[in-house]
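The structure appears below as structure tokens.
No lab work stands behind these numbers, since they all come straight from the coordinates. In this text, all values refer to a predicted model and were calculated from it rather than measured experimentally. As a convention, Cβ positions derive from the backbone with ideal geometry for all residues, glycine included, and neighbour counts pool all protein chains shown.
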Amino acid sequence: MAIRLRPHHLLCMLTFVGKGYSPRFTANYEVLAQRLSRGETIVVVEGPDDICTPLLEDENAPHCLGESVSGRDAVALASVSGLLGRPLSVGSSIVPGASLFRTLRRHFASGRLRAACTGCEWTSLCDHVAEGGYREVRIR
């Protein structure tokens, strides 16, 4: 079974350290982090994905459906496509692994993959995680 991720979550997954919007959100993300660490295939989707699922049932759902998030997805998709040297679009598959995570994290830390993060409420946490060498990340 594949993990459905919207494009900006290809960046968020790089710095996930067990913090999130709610306990239910974080527990769901922990399960997904284990699956990603095992190399389960990612399928790029438009709109809410497997990470968003717990938020769709509560008052935070509009965040997942907002225009600013869709814009973030477009920028992230272009950035990751450029870095990987292949066009990604809705329906594209990505096989995660240590090499992919290392490459993405190196470019994330350098700022090359951060354009989609502008205005995100998690920026300071992600900065801290990247500056610390990604020591506490859940996805390896």
Checklist line | Net charge of neighbours whose Cβ lies under 11 Å from the Cβ of LEU113, counting Lys and Arg as +1 and Asp and Glu as -1 | finding: +4
Item checked: Label-point separation, ARG106 to GLU30 (7 Å along Cα→Cβ), nm -> 3.2
Next item on the list: Using only the alpha carbons of the range 3-131, determine the length spanned along each of the three principal axes and report them from longest to shortest in whole angstroms.
Entry: 38, 30, 28
Next item on the list: Treat the range 29-70 as a sphere of radius equal to its Kirkwood radius over Cα pairs and apply Stokes-Einstein at 37 °C in a medium of 0.692 mPa s; give the translational diffusion coefficient in µm²/s, rounded to a whole number.
Entry: 287
Note to self: Suppose every Lys and Arg Cβ carries +1 and every Asp and Glu Cβ carries -1, with no other charges. What dipole size does the chain come out with about its Cα centre, to the nearest 20 debye?
What the structure shows: 740
Notebook entry, point to check: Kyte-Doolittle mean at least 0.0 and Cα extent at least 15 Å along the axis: which DSSP H helices of the chain qualify?
Noted result: 67-84
Notebook entry, point to check: Farthest toward the dipole's positive end in the range 3-131, which of PHE16, LEU56, LEU104, given Cβ charges of +1 (Lys, Arg) and -1 (Asp, Glu) about the Cα centre?
Noted result: LEU104
Notebook entry, point to check: What stretch of the chain, leaving out the sites themselves, is the longest with no GluC sites (Glu not before Pro) in a DSSP loop having at most 11 other Cβ atoms within 10 Å?
Noted result: 60-120
Margin query: With just the Cα atoms defining each centre, how far is the range 93-112 from the range 1-60? Give it in Å.
Written below: 16
Item checked: Principal axis box of the range 51-102, alpha-carbon based, largest edge first, Å -> 37, 22, 20
Checklist line | Residue among ASP127, ASP73, ASP49 with the largest mean-square fluctuation in a Gaussian network model of the chain, springs linking Cα atoms under 10 Å | finding: ASP127
Item checked: Estimated [θ] at 222 nm from DSSP helical runs (n ≥ 4, -39500 (n - 2.57)) normalised by residues in the chain, nearest 500 -> -13500 deg cm²/dmol
